[in-house]
Amino acid sequence: MAKGLGPDLRRVRESWREDRSRLATAHADGARSAARIRQELETLLQVLETPLLLCDHHRRVMLFNQAAEDFLSAIPGLA
């Protein structure tokens, strides 16, 4: 029978490694999913004739389509 903290520390270390591995996998999966969604949005934006701007929560423009660019270029302060 093993004595001391050795077995417990090994279990903690293995659990920590497994958690880190799952976290890294989730991060990579999330990044791939975000890239795919962004590409799909960019494709959709290009076929829309309605001007469309997508902004983040800081009101920074993240994506826009050609119709929005054409519309905004006619406004001197925004061109």
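Nothing in this text is a laboratory measurement; each read-out follows from the coordinates by a stated rule. This is a predicted model, so every value here is computed, not measured. As a convention, Cβ positions derive from the backbone with ideal geometry for all residues, glycine included, and neighbour counts pool all protein chains shown.
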Working carefully through the options GLN46, GLN39, find the one that is touching a residue at least 12 places away in the same chain (Cβ under 8 Å) and assigned to a helix (DSSP H, G or I).
GLN46
Consider the range 1-39. How many of its residues are within 30 Å of LEU54 (Cβ to Cβ) and among the small types (Gly, Ala, Ser)?
8
As an exercise: evaluate LEU54 against (1) without any contact (Cβ under 8 Å) to a residue 12 or more places away in the chain; (2) surrounded by 10 or more Cβ atoms within 10 Å (Cβ to Cβ); (3) outside any helix (DSSP H, G or I) and give the number of the one condition it does not meet.
(1)
